[in-house]
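In what follows, a single structure is set out as structure tokens and then discussed.
The values are calculated or read from the model by the stated rules, or taken from the named source; none is laboratory data. Remember, predicted model here, so these are calculated numbers, not experimental data. All Cβ positions, glycine included, derive from the backbone under ideal geometry; neighbour counts span all protein chains shown.
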Amino acid sequence: MKNARILVVDDEENIRLLFKEELEDEGFEVDLASNGFEALDKLKQGRFDLVVLDIKMPGMDGIQALNEIKNANKDQPVILCSAYGEFKQDFSSWVSDGYVVKSADTRELKQTIKNILGL
Amino acid sequence: MSDSIKKQSQSVNPVDLLGKIIEISHSNLELTSRINSILNIISRDMSCEEVIIYTFDKDKRLTCRFANQKSVLFKILNQYRCHVGEGIVGSVAQKRSPLFYTIRDVPPRFGCLFYPELDEKLENYKAFAFLPLADDSYLYGVLVLSAVSRDALHDAEKIFLSILSREIGGILRSYELILSSKKRISELATLSELGKVLTSNAEPHELLKNIALIIAKSLNATFVTIKLEYSPLKLDVHRFTYGVIDPSVQDHVRELEGTATRLLRAVSMKDCSPDEYESGFRFSLFSAPVISKNRVLGTLTICGEKTGQNYTLGEDGQYLINTIANYISSGLENTLLNTRLRDAVRELGDAQKRLIEQEKFRSLGEMTANIAHEIKNPLVIIGGFTKRLAKQVDLGRTENKYISIILNEVTRLESILNEVLNYVKETPLLAETCNINDYLDETLYLLTSDASWEEVRIVKTYDPGLPPIACDSQQLKQVLINILINAHEAMHGRGTITIQTKQATYENKPFIAISITDTGGGIDPAIIDNVFNPFFTTKERGTGLGLAISNKIIKNHKGHIDVENIAGKGVTFIIYLPVKNHTTKEEFL
């Protein structure tokens, strides 16, 4: 699974770039989407081992996208990655496989990905 | 016709005389001058050395009140008083018919008593006339004439005197009417003045002082004293007096106040100690209870000198003092209502201020959360790429130092933003059964292992039998840490923290109470209301969220936090948490 494919969904271009480079350094293959609709399109076109999903995005937000993704394929692993420390009072967020607070320190994100992928 | 009679008939023309007298009686002169003028004219024109009028005094006794200027007997006669029926004056008053004496009769006895100094003098008088001063319904007094120079009055003069006595009766009657209306007017003026004071918004102290003053001034009283027995107004003074309470009446005042309170009606000294009152007591005293809603608030006592000029509270004073007492009770009621209303308005104002503050903080909170969210992304980008930069480029020592400064500041900013965003977003509770004493010990162990806690003495008084409670242990630990760190900072790392756990009840439900007391000098009372407000801080580098989050967490646990502040000493935070039985897991979620 070292070459696992990861889809990073975030409306902020530089965040996408940061996560892409950080995750590629770890040996992952990274694709990008800037909102929920784009993410759903990419998921239809190809298989991803994991989706890193921002919550606050214009158009379709992360929670809506999470539901769509899980409805289409309940086994698709998704990590919510948000500026908010907790989003658990929203029950829909419970269906995600992981929750990471967005931080300049990407170690937690990488560790969570590895845990889910069993690396 | 004898010489003397001839002389009289020459000198007296009854019609002329009557004309003059009617003219005087209808003049604008003051009563005493009018009557004295009439008596002088009669004396001169009818050659009578003494022309005297008896009227009734306060005790309904006939008293010698007016006389012609040259009267000799007046000075002696006015020392004596007689009841109706006593002596010649009293009997004329009783029978309401005139009596005449001539030189041939034995001189009459004036009163019921023998007046030794009078008997001798009366020997010289030859003719007497006693006429009732009355109209059809009322008797006002007795007119007395006596002559040295004449032997008798003839019939025309007697008829004239009868007419005259009716006229004088009329003057006395109108005078009495004027007196009583003056009295009523002064009573009304008193009540109207009182009304003005009572409807003013004066403080209770001022109000009672003014009441005493107005009553004393308008009734010409020696003193007026208001004693408060029971007062919901919570005054520190219980007696308001205008004037000086004469030492000789102090006991009477107390006795009257007691009696008025007991009998629930106005009483006078005449009722309470009639003997002493009659035996020349100087003062006239009245007391009335001030009653509101069947409760005696106090008593009003008015005192005047019996012979005092213009002292208005006469024999029938009970009516007036009762009315005044009623006025006072409604005035006190008003003041009480006013005070309560003012308090309520102030409380409402405070509540409104608090609400506005809270609302301000809430919208401020939302705005801050939005800003925090917007800042978070750029911060992650700055920090993230700085890290990448540090990894990829071979940098010198200085550059590495700079990079580590940037990364430290990014970390600090991130943690502040996380706190802000955490406060705004609700955190669900993970309810588990907790033993508070254990959690306290764990938290304390974590904190005090740091060197900065070396000079803090921890005093623990735990209740070992504390019932278990349901709580989210992580969140509860956060609360304990927040409060303990605040205590540590307030004491600048040196002092005593006392931690107590015990069982408590709140609104009849079992709670446990955790109190944490520091010796950090307490909180400025001016800001104590703000300590739980988000973003309120006294620390240079605080976010002002520690206690706000703690409060929110405890509220989510269906508990509450109290603050007991002793300014200058320290502060105690008491956390109340409901005991498990009363808070099921479902209630949390």
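Considering each of B:LEU466, B:LEU446, B:LEU440 in turn, give the residue that is touching a residue at least 60 places away in the same chain (Cβ under 8 Å) and more than 14 Å from chain A (Cβ to nearest Cβ).
B:LEU440
Considering only residues that are of a type in the set (D, E, K, R) and away from chain A (no Cβ under 14 Å), look in the range B:385-422 and name the one that is surrounded by the fewest Cβ atoms within 10 Å (Cβ to Cβ).
Looking at the filtered set, the residue picked out is B:ASP394.
Considering only the range B:455-500, how many residues are assigned to a strand (DSSP E or B) and in contact with a Pro (Cβ under 9 Å, 6 or more places away or on another chain)?
2
When the residues of the range A:1-16 are filtered to those that are more than 14 Å from chain B (Cβ to nearest Cβ) and in a loop (DSSP other than H, G, I, E, B), which remaining residue is nearest to the chain's Cα centre (by Cα)?
Applying the filter and picking the extreme gives A:ALA4.
If A:MET57 satisfies all but one of (1) part of a loop (DSSP other than H, G, I, E, B); (2) away from chain B (no Cβ under 14 Å); (3) not acidic (Asp, Glu), what's the number of the condition it fails?
(2)
Hey, among the residues in the range B:179-196 that are surrounded by fewer than 20 Cβ atoms within 10 Å (Cβ to Cβ) and in contact (Cβ under 8 Å) with a residue 12 or more places away in the chain, which one's nearest to B:ASN334 (Cα to Cα)?
Step by step, filter the range B:179-196, then rank; the result is B:GLY195.
Residues checked against (1) modelled with pLDDT under 90; (2) closer than 20 Å to B:SER218 by Cα; (3) among the polar types (S, T, N, Q):
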| residue | (1), (2), (3) |
| --- | --- |
| B:CYS272 | yes, no, no |
| B:GLY280 | yes, no, no |
| B:ALA288 | no, yes, no |
| B:LYS293 | yes, no, no |
| B:LEU300 | no, yes, no |
| B:GLY308 | yes, yes, no |
| B:LEU313 | yes, yes, no |
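So, restricting to helices (runs of 4 or more DSSP H) that lie completely within the range B:1-60, which ones have at least 1 residues that are at pLDDT 80 or above and under 54 Å from the mean Cα position of the chain (by Cα)?
Passing ranges, in order: B:14-25, B:31-45.
Out of the residues in the range B:248-298 meeting the condition of being basic (Lys, Arg) and in contact with a Phe, Trp or Tyr (Cβ under 8 Å, 6 or more places away or on another chain), tell me which one is surrounded by the fewest Cβ atoms within 10 Å (Cβ to Cβ).
Filtering the range B:248-298 for residues that are basic (Lys, Arg) and in contact with a Phe, Trp or Tyr (Cβ under 8 Å, 6 or more places away or on another chain), the one surrounded by the fewest Cβ atoms within 10 Å (Cβ to Cβ) comes out as B:ARG295.
Please go through the range A:17-51 and give me each residue that is in contact with a Lys or Arg (Cβ under 7 Å, 6 or more places away or on another chain) and in a strand (DSSP E or B), ordered by number.
A:GLU29, A:VAL30, A:ASP31, A:LEU32, A:ALA33
Limited to the range B:99-120, what total is found for residues that are at pLDDT 75 or above and within 19 Å of B:SER47 (Cβ to Cβ)?
6
Here are some residues: B:SER180, B:SER165. Which one is of a type in the set (Gly, Ala, Ser) and closer than 30 Å to B:ILE321 by Cα?
Among B:SER180, B:SER165, only B:SER180 is of a type in the set (Gly, Ala, Ser) and closer than 30 Å to B:ILE321 by Cα.
Would you mind stating whether B:ASP394 is touching a strand residue (DSSP E or B) at 6+ places or on another chain (Cβ under 7 Å), of a type in the set (Asp, Glu) and over 23 Å from B:ASN551 (Cα atoms)?
Taking the combined requirement at face value, the residue does not satisfy it.
Which of the residues spanning the range A:70-107 are within 14 Å of chain B (Cβ to nearest Cβ), in a helix (DSSP H, G or I), modelled with pLDDT under 90 and surrounded by fewer than 18 Cβ atoms within 10 Å (Cβ to Cβ)?
A:PHE91, A:SER92, A:TRP94
Only one residue in B:LEU285, B:LEU264 is among the hydrophobic types (A, V, I, L, M, F, W, C) and on the phi > 0 side of the Ramachandran plot. Which one?
Testing whether each residue is among the hydrophobic types (A, V, I, L, M, F, W, C) and on the phi > 0 side of the Ramachandran plot leaves just B:LEU264.
Could you check how many residues of the range B:258-289 are assigned to a strand (DSSP E or B) and not aromatic (Phe, Trp, Tyr)?
Adding up the residues that qualify gives 7.
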